[in-house]
Amino acid sequence: MTYSIIGTGAIGGYYGGRLMKAGRQVRFLLHSDYDYVKEHGLQIDSCDGSFHLDNVEAYSNTQDMPMSDVVIVCLKTTNNHLLKQMLTPIIGKDTIVVLIQNGIGVEADLQQQFPALHIVAGLAFICSGKVGPGHVSHQCYGSINLGNFSCPDADFNALLSDMQHAGIEAAAVPYAEARWKKAVWNMPFNGMTVALNTSTDLLLKNPATRQLIYDQMMEVVGAAQALGVTGLDASFADKMMVTTDAMVPYSPSMKLDFDFHRPMEIEYLYLRPIREAAKVGYCMPKLAMLAAQLQFIQEKNCM
């Protein structure tokens, strides 16, 4: 299958780079890095083995891109209002769109815009950052769970096989389970690193904030269970705590957005899941308070 990466940053650069290295045809959409990557290619520094990619198919807009079998969207959800315009030139009736994005509800909203589109959720568990033009630093982890939202099984399995062949630890997970499992980590750590202006390791070293992080995780687990999601219980929250203890000190994507005075992904990461849980009578008081703090911080930070 052929691939297009929409948003060639820390995540798109890494997964797209892996696919290209494995021999797949991959087209990369870039903005500020376009001229650099066109001339110099992509450099992936990885804990699993670094590599450089020459002769990268780089594009500065989707109007010039051919249609692809798979489009992998790695944009922040704050840019999702641009997706209809960006995707229209590069999708056909059988194109798969993989949303490697944070939050709850992104697939449903895209399906409303493209009712016949084949959509897959991509939930990446990775510590990766863009450290320069065309330069990605992959620090640790790198697995991705794929949740089938509206894709034919044969096409979904072909996508999964391609990723595994590229050396990506990819697994098929029921859609709702995949989305809410990612939220168990994302909702506490993204917001708390911003609210307290810190990193993941320091949050867990302090007993008070460690307990608060765990309580927030359990609110997400409770919300998922109230919504009928299976395969998610306290043992997963315990696993996420252990996993994060083993991570290098890390600033999640929302913390980086805060640091660089960019809009934060509050809607899909916080407000949408809190609303969905409230529809079935489940309240998330600690995370609702965190969401309110983030809204205040964002207004002040982006002035």
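At-a-glance table
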read-out: Conditions (1) open to solvent by less than 50 Å² (accessible area, probe 1.4 Å); (2) at pLDDT below 95; number of the one not met by A195; value: (2)
read-out: Hits in the stretch 93-141 (condition: among the β-branched types (V, I, T), in a loop (DSSP other than H, G, I, E, B) and touching a residue at least 40 places away in the same chain (Cβ under 8 Å)); value: I100, I104
read-out: Residues located in the stretch 240-292, provided they are over 19 Å from the mean Cα position of the chain (by Cα), surrounded by 15 or more Cβ atoms within 10 Å (Cβ to Cβ) and either on the phi > 0 side of the Ramachandran plot or not in a helix (DSSP H, G or I) (or both); value: Y282, M284
read-out: Residue under evaluation Y36, criteria (1) buried (at least 20 other Cβ atoms within 10 Å of the Cβ); (2) part of a helix (DSSP H, G or I), criterion not met; value: (1)
read-out: Meets criteria (closer than 18 Å to Y3 by Cα, surrounded by fewer than 18 Cβ atoms within 10 Å (Cβ to Cβ) and at pLDDT 95 or above) for P89; value: yes
read-out: Filtered residues of the stretch 1-33 (kept if among the hydroxyl-bearing types (S, T, Y), part of a loop (DSSP other than H, G, I, E, B) and under 21 Å from N102 (Cα atoms)); value: T8
read-out: Check on N157, open to solvent by 10 Å² or more (accessible area, probe 1.4 Å) and modelled with pLDDT under 95; value: no
read-out: Output for the stretch 228-271, where each listed residue is touching a strand residue (DSSP E or B) at 6+ places or on another chain (Cβ under 9 Å) and aliphatic (A, V, I, L, M); value: A246, M247, V248, L256
read-out: Residues that are assigned to a helix (DSSP H, G or I) and surrounded by fewer than 17 Cβ atoms within 10 Å (Cβ to Cβ), drawn from the stretch 39-73; value: E39, H40, Q63, D64
read-out: Residue in the stretch 173-190 that is surrounded by fewer than 17 Cβ atoms within 10 Å (Cβ to Cβ) and touching a residue at least 12 places away in the same chain (Cβ under 8 Å) present; value: yes
read-out: Output for the stretch 211-231, where each listed residue is over 14 Å from R179 (Cβ atoms) and either open to solvent by less than 50 Å² (accessible area, probe 1.4 Å) or in contact (Cβ under 8 Å) with a residue 40 or more places away in the chain (or both); value: L212, I213, D215, Q216, M217, E219, G222, A226
read-out: Considering residues of the stretch 132-149 that are farther than 24 Å from T243 by Cα and open to solvent by 40 Å² or more (accessible area, probe 1.4 Å) only, the residue farthest from the chain's Cα centre (by Cα); value: P133
read-out: Scan of the stretch 211-247 for residues that are closer than 21 Å to C283 by Cα and among the charged types (D, E, K, R), ordered by number; value: D215, E219, D233
read-out: Residue selected from the stretch 94-129 under the condition in contact with a strand residue (DSSP E or B) (Cβ under 9 Å, 6 or more places away or on another chain) and charged (D, E, K, R), by the criterion surrounded by the fewest Cβ atoms within 10 Å (Cβ to Cβ); value: D94
read-out: Close pairs (7 angstrom Cβ cut-off, 6 or more residues apart or separate chains): more than 20 Å from L87 (Cα to Cα) and without any contact (Cβ under 8 Å) to a residue 12 or more places away in the chain in the stretch 25-40, charged (D, E, K, R) and surrounded by fewer than 22 Cβ atoms within 10 Å (Cβ to Cβ) anywhere; value: none
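Per-residue answers, yes or no, for (1) within 13 Å of T8 (Cα to Cα); (2) among the β-branched types (V, I, T); (3) at pLDDT 95 or above:
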site	(1), (2), (3)
F28	yes, no, yes
C47	no, no, no
H52	no, no, yes
Y59	yes, no, yes
Q85	no, no, yes
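The values are calculated or read from the model by the stated rules, or taken from the named source; none is laboratory data. Since the structure is predicted, the reported quantities are computational estimates derived from the model, not experimental observations. Methodologically, a virtual Cβ is constructed for each residue, glycine included, from the backbone with ideal geometry; neighbour enumeration extends over all protein chains shown. SASA here: full protein model, heavy atoms, side chains in, ligands and nucleic acids out. Shrake-Rupley method; radii C 1.70, N 1.55, O 1.52, S 1.80 Å.
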